[in-house]
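Trainee: The structure under discussion is supplied below as structure tokens; questions concerning it will follow.
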Amino acid sequence: MRAVLRRERREGVTFSADLYNILGIRVHILHFVPQKKSALDTRSSHTKHIMDIASLSETLRDQTLPIQDRFRALFTLRSLEKNPEAVAALVGALDVGENAALSSSSSLHADALFRHEVAFALGQMRAKEATQTLIAVLKNQNEHGMTRHECAEALGAIADETSLEVLRDMREDAKHREVRETASLALRRVEHVVGNSSSSSGSSRNVATTTTGALVGSKKESTAVVVDEEEDGGGYATYSVDPVPAMDESVKTETLADIILDDAADIWDRYAAMFALRNRAQKTFGLTKKTKENEQLVQLCSSTLGKTLRSETVQSALLKHEICYVLGQLRDDDDNEIARKALFECLEDPNEHAMVRHEAAEAIGSRGGEGAEAILRKYLACEDRVVSESCEVALDMLRENEEGTFVAL
């Protein structure tokens with residue numbers, strides 16, 4: 001059973017905000033007191049809700065609108081993860097069907113940032129209804145590699161057995177390395193979740209037996225808290241579904257850092273170590289009194305990721321982009337110089353993969369700090385549309401950071 005706590009405004013509802021501490025992190029939980037409604041009021045609200053989703057769906061599809069507006073519509077729909085109309089709107093935005101104008105390679109590449117984010121949202125919503133559309137986009141060689149990669153990752157997050165065959169096939173994709181690597185990870189995650197003991201899973205080190213996710217979200221994840229309740233009645237709050245389960249608590253912190261830095265380690269293990277180290281660091285966020293050990297743990301996490309990100313021996317764009325993503329979730333440690341420098345260098349590097357530069361831009365927007373606005377504005381004019389649009393979205397996140405407001409997730 002999953003309970004979702006999120007910031008919303010609804011007709012006839014009164015909210016009050018309190019600051020709670022869940023697993024050692026600060027979480028805003030909004031309480032509401034519904035007013036009495038007649039049957040007619042209830043029907044009217046339901047009709048209005050459907051109309052709002054229809055309006056958001058139109059915004060998703062309108063490529064003439066600013067990218068920030070389309071992203072806000074996307075984030076709002078993503079927050080309605082149990083709503084079939086919201087899922088259908090996102091699936092419809094991703095599925096261009098037989099529309100020749102939209103299905104050409106040039107059109108798909110021009111809208112790659114948005115399309116990849118839609119795929120990501122569907123995966124985070126664990127929307128099984130989206131499985132066949134995600135498979136179709138993943139198999140389409142005309143799509144941008146970043147979009148195809150995100151579809152593979154979404155299939156891993158959804159973990160439906162019907163995706164196993166295509167994920168096995170995509171491990172041999174001839175066009176995009178990021179697709180091959182993501183398909184391999186997603187396949188192992190699906191097998192991990194459904195309990196498939198296929199020999200392709202291989203052995204991995206001390207991986208958690210449950211789904212894991214960030215205890216503190218990036219700026220765009222900052223208002224949707226998901227509580228996964230296990231059969232024994234326990235539960236934990238997360239903001240994301242990790243593509244690889246975090247390593248077990250029994251693995252020493254120093255060992256996690258060593259695995260992340262180890263170029264000879266399997267990418268599954270490096271991911272698992274990274275998420276485990278992130279989780280340990282995030283448990284210190286929001287503490288009113290931090291010990292020296294708390295501060296050292298956070299510094300170790302950010303510094304390890306920053307060093308790995310700019311290591312000359314790391315060739316995987318997939319690993320680099322995930323490091324940027326996690327650094328965006330470590331936004332309470334925005335003054336870590338190693339991490340800040342690594343993210344800035346990634347964004348500025350014209351030889352870096354677009355999806356790495358994209359995640360670097362959004363991480364900078366999420367973390368904020370010295371020089372963030374200046375570098376994001378600088379790359380608004382980047383010739384790579386994925387990078388320039390990422391900077392637009394990141395600046396929107398940065399503004400909300402400074403104003404103390406929330407992304408509509």
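Trainee: At 0.36 nm per residue, minus the direct Cα-Cα distance, what do Ala174 and Glu337 gain on full extension? Give it in nm, one decimal, please.
Mentor: 54.8 nm
Trainee: Working out 0.36 nm times the residue gap between Lys82 and Asp52, then minus their Cα-Cα distance, what length gain in nm do you get to one decimal?
Mentor: Going from the current span to full extension adds 9.2 nm.
Trainee: Place a point 7 Å from Cα of Thr291 in the direction of its Cβ. Which residues in the stretch 264-280 have their backbone N less than 19 Å from it?
Mentor: 277-280
Trainee: Let me have the relative contact order for the stretch 319-409, percent, based on Cα pairs under 8 Å that are six or more residues apart.
Mentor: 27 percent
Trainee: Going down the list Lys175/Lys320; Lys82/Lys320; Lys175/Lys307; Lys289/Lys341; Lys175/Lys378; Lys175/Lys341, which pairs span over 22 Å between their C-alpha atoms?
Mentor: Too far apart for the 22 Å limit: Lys82/Lys320; Lys175/Lys307; Lys289/Lys341; Lys175/Lys378; Lys175/Lys341.
Trainee: Also, I was wondering about something else. Report the full-extension gain for the segment Gln141 to Gln63: residue separation times 0.36 nm, less the Cα-Cα distance, to one decimal in nm. Display every interim value, and only then the final one.
Mentor: On the way: separation 78, 0.36 × 78 = 28.08 nm, distance 2.19 nm.
Length gained between Gln141 and Gln63: 25.9 nm.
Trainee: Next up: Would you please classify the overall shape of the stretch 270-409 from the alpha carbon gyration tensor, given that a ≥ b ≥ c denote the square roots of the eigenvalues, rounded means a/c under 1.5, and beyond that prolate means a/b larger than b/c while oblate covers the rest?
Mentor: oblate
Trainee: Going by average Cβ neighbours within 10 Å, how do the peptides 367-377, 145-155 rank, with the highest at the top?
Mentor: 145-155, 367-377
Trainee: Cross-link partners among aspartates and glutamates for Lys128, C-alpha distance below 19 Å, same-chain residues fewer than 8 apart left out?
Mentor: Qualifying aspartates and glutamates at Cα under 19 Å: Glu81, Glu85, Asp95, Glu117, Glu150, Glu153, Asp160, Glu161, Glu165, Glu191, Asp228, Asp242.
Trainee: For the pair Lys128 and Glu254, how long in nm is the line joining their label points, each one 7 Å along Cα→Cβ?
Mentor: For the pair Lys128/Glu254, the computed spacing is 4.6 nm.
Trainee: Any idea how far apart Ser107 and Asp262 come out in nm if each label point goes 7 Å out from Cα toward Cβ?
Mentor: The two pseudo-label positions are separated by 4.8 nm.
Trainee: For the peptides 106-117, 320-331, what is the packing order when you average, over each peptide's residues, the other Cβ atoms within 10 Å and list the highest mean first?
Mentor: In decreasing order of mean packing, 106-117, 320-331 become 320-331, 106-117.
All of the numbers you see were taken from the coordinates with simple rules; none came from a lab. All values derive from a computational prediction rather than experimental measurement. As a convention, Cβ positions derive from the backbone with ideal geometry for all residues, glycine included, and neighbour counts pool all protein chains shown.
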